[in-house]
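Asker: The structure's right below; bear with me while I get my questions together.
The values are calculated or read from the model by the stated rules, or taken from the named source; none is laboratory data. Being a predicted model, the structure only gives us computed values, none of them experimental. Positions of Cβ are backbone-derived with ideal geometry, glycine not excepted, and every protein chain shown enters the neighbour counts.
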Amino acid sequence: MEYEGQICRPPMERASFMLPVEVGCAYNRCRFCTLFKHLKFRVLPLEEVRAELQRVKGLGGNPKRIFLGDGNPFGLPTERLLQIIDMIHEYFPDCREIGMDSTVTNIAEKSDEELALLHEKGIQDLYLGIESGMDELLAYMKKDHTVAEAYEQIARMKQAGISFDAHIMTGLAGAGKGLENAERTAEFLNRTGPRRIINFTIFHHESAPLYRDVEKGIFVPSGELENLMEERRLLQLLTVPVESYDGFHDHIEVRTRGRLPEDKERMLQHLDEAIAREERKAS
């Protein structure tokens, strides 16, 4: 299968077989995102999905975990997802875990019975673009949910047995608001208990709708020192166990990875050293 667009999957999925089932993102309205703006969303025909499964099996592949691409495959109708899952099990009966990206609204669109059935068939976890615990920020960035809606839908998916993986974004609140964003987001994560957290700094690309506000001075980006301090505050406040945390920055070579709470002090020290370096640059 010839992949269209930019490959987008969480770093925790680097060893998973990525199986595209759609091109682009059905939502595609987040103001900071550039990944799918150049693509026209479409669902891939089942024949193409089957051909990719056949190709990988023919090469001797036997994946135990499969990650469905692209932007939000969980938004596909349940019947379609079940057809894809059945094909996966036909070619790879040893596959035990299926994951993918989703929006909060995608979960709301499925009944409790559908969620439970999808989990029973092999969907183990969903990556949600939570981004922040600040309602006003979610609205400004045109996310598809409020904080209250995210609480409700995450509770429903976890009740069905599906784990929650969180995408969050340092620097999303802009200059001077990083610590508040860290505190509100930590509160959200402590209440919802994600299995894994992916945290990356916002990248202000000129093709993103948000960039127009940057040009007009409506949105003032935070600097890397504030971003590092925001990430440190977030980690300091996290109290829930997390199987894998991966935080990285676009403009400086700082990446913080580990488990919580086991690696918390080591990760905080790593960030303290990075903060000290940035402070020396600024002095």
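Asker: Looking at region 104-119 only, could you name the residues that are of a type outside the set (A, V, I, L, M), out of contact with any Asp or Glu (no Cβ under 9 Å at 6 or more places or on another chain), touching a residue at least 24 places away in the same chain (Cβ under 8 Å) and in a helix (DSSP H, G or I)?
Answerer: ASP112, GLU114, HIS119
Asker: When region 233-262 is examined, which residues are found to be in contact with a Gly (Cβ under 9 Å, 6 or more places away or on another chain), within 22 Å of GLY133 (Cβ to Cβ), of a type in the set (A, V, I, L, M, F, W, C) and surrounded by 16 or more Cβ atoms within 10 Å (Cβ to Cβ)?
Answerer: LEU234, LEU235, VAL242
Asker: A follow-up question, please. Give region 184-216 a look and list any residue that's under 23 Å from LEU238 (Cβ atoms) and of a type in the set (A, V, I, L, M, F, W, C), or say none.
Answerer: Passing the criteria: ALA186, PHE188, LEU189, ILE197, ILE198, PHE200, ILE202.
Asker: Across region 34-62, which residue is surrounded by the most Cβ atoms within 10 Å (Cβ to Cβ) among those that are in contact with an Asp or Glu (Cβ under 8 Å, 6 or more places away or on another chain) and part of a loop (DSSP other than H, G, I, E, B)?
Answerer: So the residue we want is PHE36.
Asker: Have a look at ARG9, ARG31 and point out the one that is in contact (Cβ under 8 Å) with a residue 12 or more places away in the chain, assigned to a loop (DSSP other than H, G, I, E, B) and touching a Pro at 6+ places or on another chain (Cβ under 6 Å).
Answerer: The unique qualifying residue is ARG31.
Asker: Counting only residues that are of a type in the set (Gly, Ala, Ser) and in a helix (DSSP H, G or I), which one in region 127-176 is nearest to ILE198 (Cα to Cα)?
Answerer: ALA150
Asker: Does any residue in region 127-149 that is more than 16 Å from HIS167 (Cβ to Cβ) come within less than 9 Å, Cβ to Cβ, of a residue that is basic (Lys, Arg) six or more places away or on a different chain, and which pairs are these?
Answerer: Pairs found: ASP135/ARG184; TYR140/ARG31.
Asker: Restricting to region 198-222, count the residues that are touching a residue at least 12 places away in the same chain (Cβ under 8 Å), farther than 19 Å from PHE248 by Cβ and β-branched (Val, Ile, Thr).
Answerer: 1
Asker: Among the listed residues LEU172, LEU117, LEU126, which satisfies the condition of being surrounded by 22 or more Cβ atoms within 10 Å (Cβ to Cβ), at pLDDT 95 or above and under 14 Å from PHE74 (Cα atoms)?
Answerer: Every option except LEU126 fails the conditions.
Per-residue answers, yes or no, for (1) buried (at least 23 other Cβ atoms within 10 Å of the Cβ); (2) farther than 30 Å from ASP112 by Cβ:
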| position | (1), (2) |
| --- | --- |
| MET134 | no, no |
| LEU137 | no, no |
| LYS143 | yes, no |
| LEU179 | no, yes |
| HIS204 | no, yes |
| TYR211 | no, yes |
| GLU215 | no, yes |
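Asker: Now for a separate question. Among the candidates LEU39, LEU53, single out the residue that is touching a strand residue (DSSP E or B) at 6+ places or on another chain (Cβ under 9 Å) and at pLDDT 95 or above.
Answerer: Result of the check over LEU39, LEU53: LEU53.
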